[in-house]
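Single-structure report; data block below.
Just so it is clear, none of the values below were taken in a lab; they were calculated from the coordinates. Not measured: the values here are computed from a predicted model. Glycine also receives a Cβ, built like all others from the backbone with ideal geometry; neighbour counts cover every protein chain displayed.
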Amino acid sequence: MILLLACAPAGASGARGIAPARGASVSSRRPASPLPGRGSMVLRRGGGAPASAGEATDASARRAPVRVTATAAVLMDARSGQVLYSRNPHLVWPPASTTKILTALVALEAAPLEMPIRISADVARFRDGSVVGLPEGARIPLHDLLYGLMLQSGNDAALAIAEGVSGTVPAFVARMNAEARRLGATHTHFTSPHGLYDADHYTTAYDLALIARAAMRNPTFREIVRTRRWVFATPGGPSRVLWNHNRLLAWYPGADGVKTGYVHQSGQTLVASATRDGWRLIAVLLRSRDLWGDASRLLTYGFARYRPVELARTGEELAAVALPGADGIVLGVVPEDVYGALAPGETAERRVRLRPDLELPVRRGEPIGEVAFYASGRLVGSAPIVAARAVSAPSGLARVLEWVGRMITRASGALVL
């Protein structure tokens, strides 16, 4: 197998290098630039896949001059999942009401907003922690309960949503845990949809950032968590005004989510989001002694230190593979845009790793490798590489015709001599 590398950025001119030896690499460097930025390329074949950009915690960020009082904290680029700052990101911790981010996400993915949910007697009697106060027998749309969940932090609303969506609370919690695993939140296990303390109910700052990142992709969720005031009405009952507990919405520029939380065992917790010029950062704080100060300093640090960079465009050719007997070259492209965040003056290095077991036929869209982008020794982005088109072995007739053509060429050459 011969590997042909597309070393130039998309739209740029330049020859393709040839790496004839197994495990060979090609590297060239370019300064990273703001959108649309590019980096250099290093090729690898085989071996383990790179970790996700979020898992490659930025050591320089941990030493950065930003004061954070929280026991655990993470600052994440919402677009790429890259961690820009961390303190004890994988420390297992009770999340309190930040649990409700996943509650809302699972409900939004599972049921229509207009679905009426009947309030059971158990939910109506529930009075632990913060509650909305839901009357027994009332039929309330999921849409309204989600506002009660995320603004008022209603524990009764969480239970009502769980019963309405999945029939029982345990069944809904099972869906929450399955969704957490799907999102890569591997150190998360929930026992309730509300987050009241339980020794077996836990997560980490990094996992909460992953969950919030997924939730903020949902437009309805985004609309709810950026709302500061909502009028909640129950059938046959009085209306009441619900205020969002997230104080950042009132004064931090660009703040647009997501959820506060507190129980004695967790301390003050917060998942915060802010967007500037279309670029969103997510900050997670567990057991903070200065919740709003920590959040504002962490978000400001991220916006001031980093800038978003496009690392590769959808359909950009990153590799070409010549397989023996193939009817064409296998072109490797990224299936979607790849983004990261770089500090000023940093250079991104692009490393392509191809499958060592690649063989014919190759289907269009089939994964053939992975690309990873590094800056200052940390992973800032990664994506699969897929085949741009189908490539197969020539048919028997095509092989015969090719052989006949070679014979005629040789015969003609001998005749001329």
Between the modelled labels at Arg228 and Arg125 (7 Å from Cα along Cα→Cβ) the distance in nm is 4.0 nm
Counted neighbours (other Cβ, 10 Å), sorted fewest up, put Met115, Met76, Met176 in the order Met115, Met176, Met76
With +1 on the Cβ of every Lys and Arg and -1 on the Cβ of every Asp and Glu, the dipole magnitude of the range 70-289 about its Cα centre, in debye rounded to the nearest 20, is 600 debye
For the range 140-251, the dipole about the Cα centre with charges only on Cβ (Lys and Arg +1, Asp and Glu -1), to the nearest 20 debye, works out at 520 debye
By the mean-Cβ-within-10 Å protection proxy, highest first, 183-189, 343-349 rank as 183-189, 343-349
Given the candidates Leu142, Phe232, Ala160, the one whose Cα lies deepest towards the positive end of the charge dipole of the range 70-289, counting +1 at each Lys or Arg C-beta and -1 at each Asp or Glu C-beta, is Phe232
If Thr204, Thr234 are placed from fewest to most neighbouring beta carbons inside 10 Å, the sequence is Thr234, Thr204
Inter-part gap, Cα centre of the range 283-334 to Cα centre of the range 178-211, in whole angstrom, is 24 Å
Mean projected area, convex hull of alpha-carbon positions in the range 70-289, reported to one decimal in nm², is 11.0 nm²
1/(1 + (r/R0)^6) with r = Cβ-Cβ of Arg364 and Val241, R0 = 60 Å, i.e. FRET efficiency to nearest 0.05, evaluates to 0.65
Charge tally for neighbours of Arg67 with beta carbon under 9 Å away, counting Lys, Arg as +1 and Asp, Glu as -1, is -1
Between the modelled labels at Arg217 and Arg118 (7 Å from Cα along Cα→Cβ) the distance in nm is 3.6 nm
log10 I(q)/I(0) for the range 280-398, Debye formula on C-alpha points only (no solvent), q = 0.15 Å⁻¹, two decimals, reads -0.76
